[in-house]
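Presented below is the structure to which this report refers.
The values are calculated or read from the model by the stated rules, or taken from the named source; none is laboratory data. Every value quoted in this text rests on a predicted model; they were computed, and no experiment measured them. Backbone-built Cβ (ideal geometry, glycine too); neighbour counts: all protein chains shown. What goes into the accessible areas is simple: the full protein's heavy atoms, side chains included, and nothing from ligands, DNA or RNA. Shrake-Rupley method; radii C 1.70, N 1.55, O 1.52, S 1.80 Å.
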Amino acid sequence: MTSNALNWKTLLPYFITALVIFVVWAWHLNDLGVGHIYHYDEFYTYDRSTGFARNDDWLAVYSNNAPSLKKPPMQYWMSALLMEFGVADILALRLPSMIFALGVLLATAVLARVMIPLSPWAMLPPVLMVASSLQFWQHATSAMLDMGAVFFSTLSIAALIAAFERPKYWPLFGATIVLAALQKSPTPLAFLALAFLTLKITRKWQPEPPIEIWRNKKFRWMLAISVPLAFAWPILQELRFLFDGSLDGNIKGEMLDRFRPSLSDRGLGKLYDLILTGEPWLRLIGFVGLCALPFLQKRPKLYVATGIAVFFVIMMWAASGKVYARYTLLILPMLMVGATGLLFSVKRLQWVGMGVALVLCFFAGGPLKDRVATDLGQGRVRLGVPESELLKPLGDMLQPDETLLICASDRKMRVPPGAASVYASNGQRFIYLRRLELQRYLEKFDYTTGPLRGLCTIAELEQLAPELDGLSTEPTAVEGLVYWSATGVKVVSE
């Protein structure tokens, strides 16, 4: 057999996998700029992405027209730069997620090569399985931050497993820590902690104790450089703006408190909704595969992947804070690689495994899903009309000396704060009244006197009316919501 023939056979799985990735991604790329922004958190992205130009400051993330430490800047920068170059807002907000989705599919293939190195064809099934997830495409075509987080998390797992076996890859893992921290959160650091916990639990099967990894110079240098860089952004913001407790809120509230364990409300139904929803059989097979891979591959370091997945599920299930099913996307590529490893466990029958994988993808809906089903917001609105049609008239009425107040105690009728900021605030700070405690919110806002203008439900305004002077109302395009203005707030006698 000629060398050309050998090269052709060697490169074929890479070529086919890359071709499939491009075709599937291009299919879902179509129509990306149509429809409306719909998801609640997408309006945060809209607000923060437009905040750089609105506040003439690209070194701080602005939320509700005030500096914020809630999220780091990477994806917001991407959308803002696209807008600066003339890309329409809807497309500019969604395109970064789709770019990261392409990266996720490529990183899934890389992870398969790391975890199943003897079977190049093992790259294709997990790519198809991930691409068969409706949840994956729903977030890939949204303006939310999840796809970037999944991309860097998938790369980090591949780099982590590779580095445990070959320390030269520790700098690559360190890079994923820094980049993930700039996108959403330093999830790879948590994965590293879970990996060491797993190695300690499985130490009798490991060729070397975990302490030897800590003694490696490349590992120590990686930690010394990447950890400070991962927290450089929030520290910079703290030094610039001297947030009152916001740094603690960003790290403790957004990360630690969210996953603090609790034993209440931990039924199997919640476990299913958080972990298995969408494609339960694929995910279950993936968990079984991850548990079996260290034995099938005869590579004890693959327990790292098993441990990360198991502890991640336990943390999600036991979390006392708000956790969402979309977080499971962080381990979805790893689960699909685990499923492929199980299906390819008998090398002589790998083509049978490939066929089973294709059948499973078919029953999961396949990678070429209906683009409308991926929730591009075509025709979807929260309150019967797009937020822009409801809020832009309010922004037109708002005068420079007026304080904007948006009622938000009625969860079903409230507008997202990001939408209020983009469409109605005219670049000014405003009050978002999550509870009908007007005086407390006014004090927190440092309001002293002056006219107010806002949007509330009729019921909310009826409760606020006794505290407002010179109140007048106008109807909106949404039944039950009213625009209102007031000349001031009544003085509360001591």
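Largest first and in whole Å, what are the equivalent-ellipsoid semi-axes of the stretch 101-183 based on the Cα gyration tensor, each being the root of 5 times an eigenvalue? Working shown, then result.
Values: eigenvalues 98, 69, 7 Å².
Those come to 22, 19, 6 Å.
Across the chain, Cα pairs under 8 Å and at least six residues apart give a relative contact order of 18 percent. What value does the stretch 403-494 have for Rg/Rh, both radii from Cα atoms and Rh as Kirkwood defines it? Radius of gyration over Kirkwood radius for the stretch 403-494 works out to 0.93.
In the chain, helical runs assigned H by DSSP with n ≥ 4 each contribute -39500 (n - 2.57); averaged across all residues and rounded to the nearest 500, the mean residue ellipticity at 222 nm is -17000 deg cm²/dmol. Heavy-atom accessible area per residue, the chain, 1.4 Å probe: how many Å²? Accessible surface, normalised per residue, equals 46 Å². Pairs exceeding 21 Å between alpha-carbon atoms, taken from 9/369; 168/347; 298/347; 200/301; 270/369: 9/369; 168/347; 270/369. Rg and Dmax over the alpha-carbon atoms of the stretch 324-433 stand at 23.9, 76 Å.
Ranking 100, 207, 468 by Cα position along the charge dipole of the chain, where only Lys, Arg, Asp and Glu carry charges on their C-beta atoms, puts 207 farthest toward the positive end.
With N denoting the number of residues in the chain, provide Rg(C-alpha) divided by 2.2 N^0.38 Å, to two decimal places.
Details: Rg = 25.3 Å, N = 494, 2.2 N^0.38 = 23.2 Å.
My calculation over the Cα atoms of the chain gives 1.09.
Within the accessible surface of the chain, defined with a 1.4 Å probe on protein heavy atoms only, the carbon and sulfur portion equals 63 percent. When +1 charges are put on Lys and Arg Cβ atoms and -1 charges on Asp and Glu Cβ atoms, the dipole computed for the chain relative to its Cα centre reaches about 3060 debye.
Can you give the local net charge around residue 489? Use residues other than it whose beta-carbon is closer than 10 angstrom to its beta-carbon, Lys and Arg +1, Asp and Glu -1. Can you show the working numbers first?
Details: positive: 490; negative: 467, 469.
Spelling it out: positives minus negatives among the neighbours equals -1.
Diffusion of the stretch 10-84 by Stokes-Einstein, at 4 °C in a medium of 1.567 mPa s and with Rh set to the Kirkwood radius over alpha-carbon pairs, works out to 88 µm²/s.
Lacking any other cysteine beta-carbon closer than 4.7 Å, the following Cys residues of the chain have no compatible partner: 291, 361.
Given a Förster radius of 45 Å and the C-beta distance between residue 471 and residue 347 as r, what FRET efficiency does 1/(1 + (r/R0)^6) yield to the nearest 0.05?
Numbers: r = 77 Å, r/R0 = 1.71.
According to the calculation, E is roughly 0.05.
Quickly rank 26-38, 106-118 as a protection proxy: mean count of other C-beta atoms within 10 Å, highest first.
Numbers: 26-38: 16.6, 106-118: 21.6.
Those peptides, ordered most packed to least, come out 106-118, 26-38.
Distance from the alpha carbon centroid of the stretch 300-378 to that of the stretch 190-204 works out to 21 angstrom. Residue 62 sits among other residues whose Cβ lies under 13 Å from its own Cβ, and their net charge, with Lys and Arg +1 and Asp and Glu -1, is +3. The charge dipole of the stretch 1-130, taken about its Cα centre with unit charges on the Cβ atoms of Lys, Arg (+1), Asp and Glu (-1) only, comes to about 520 debye.
Between the residues 456, 416, 432, the greatest Cα displacement towards the positive end of the dipole of the stretch 405-494, with unit charges on the Cβ of Lys, Arg, Asp and Glu, is found for 416.
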